[in-house]
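Taking it in order: structure first as structure tokens, then the write-up.
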Amino acid sequence: MDQSASPSASARRPHGIVIVSLVTLGIAVAATAGPLHMAARMLSVPLRDPRWEVLVGTINGVVLLTVITLPFAALAVWALARRRSAAGVRSPWRMSLADVGIVYGTVPWVWLTLQPGSGAGTVPGRTSLEPLQDLPTMDTVQVVGNLLVFAALGFFSPLRFAALASVPRILALAAGCSVLIETAQYVLRLDRVSSVDDVLLNTAGAGLAALASRPWWSPDSSPAGRRGNRG
């Protein structure tokens with residue numbers, strides 16, 4: 001049988017990861033920016049007032065910078081993959097896409113969660129530790145935004161690190177990272193409410209993203225797969 005006529009699953013896998021990653025990014029942009037005219041209006045705000053504090057201190061500015069840096073992120077994936085291919089590293093495209101995806105898809109959201117409010121430094125830290133108390137008061141943008149904070153981490157980490165190819169481990173990682181953010185908001189007195197509901201939404205978003213990337217996890221990277229390989 002001519003094997004060249006049927007590409008192997010391993011050869012198709014990186015392309016599938018790239019496609020799903022682009023679709024995921026498109027859904028994220030659509031969810032946060034809305035229709036195209038709303039997205040254009042959102043991005044036009046920092047363009048009309050391109051001061052540094054607007055670009056890095058507002059959600060409109062951060063979204064604009066994220067869109068502008070997308071080609072550079074793609075270039076970074078290509079450069080890393082080429083370098084790893086030359087070095088004979090296994091799955092260079094998969095590793096490079098995961099590395100860049102984790103950083104590119106997480107840093108902007110974390111940066112936004114640490115933006116100070118108008119009373120930063122003057123008002124004491126505030127907490128909301130009762131689960132599901134704040135959730136009914138959140139609007140759609142807040143809920144979706146919280147779900148997306150660690151979505152890239154949940155999606156790409158199992159592709160990059162075999163030890164994290166487990167939904168419970170991703171949930172634990174996201175919960176730990178979210179608790180650190182909420183603690184920083186309180187300790188730094190950023191005039192933000194450190195809410196347990198934010199932690200729950202951040203964690204849920206990472207878990208859902210991990211499930212979305214599950215078909216592309218390495219067969220021997222999950223705990224079940226590793227147990228099977230010992231036999």
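Just so you know, all these numbers are worked out from the coordinates, no wet-lab data involved. Predicted, not measured: the structure shown is a model, and the values here were computed from it. Cβ atoms come from the backbone with ideal geometry, glycine included; neighbour counts cover every protein chain shown.
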What does the charge count near Ala152 come to, summing +1 for each Lys or Arg and -1 for each Asp or Glu among other residues with Cβ under 12 Å from its Cβ?
0
So who's got an amide H within less than 5 Å of the one on Ser194, skipping anything under 5 residues away but keeping other chains? H placed 1.01 Å off N, in plane.
Arg126, Thr127, Ser128
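Residues with beta-carbon under 12 Å from that of Ala204, excluding Ala204: net charge, scoring Lys, Arg +1 and Asp, Glu -1?
Working: positive: none; negative: Asp197, Asp198.
The answer is -2.
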Go through 99-109, 70-80 and give me the packing order, highest mean Cβ count within 10 Å leading.
99-109, 70-80
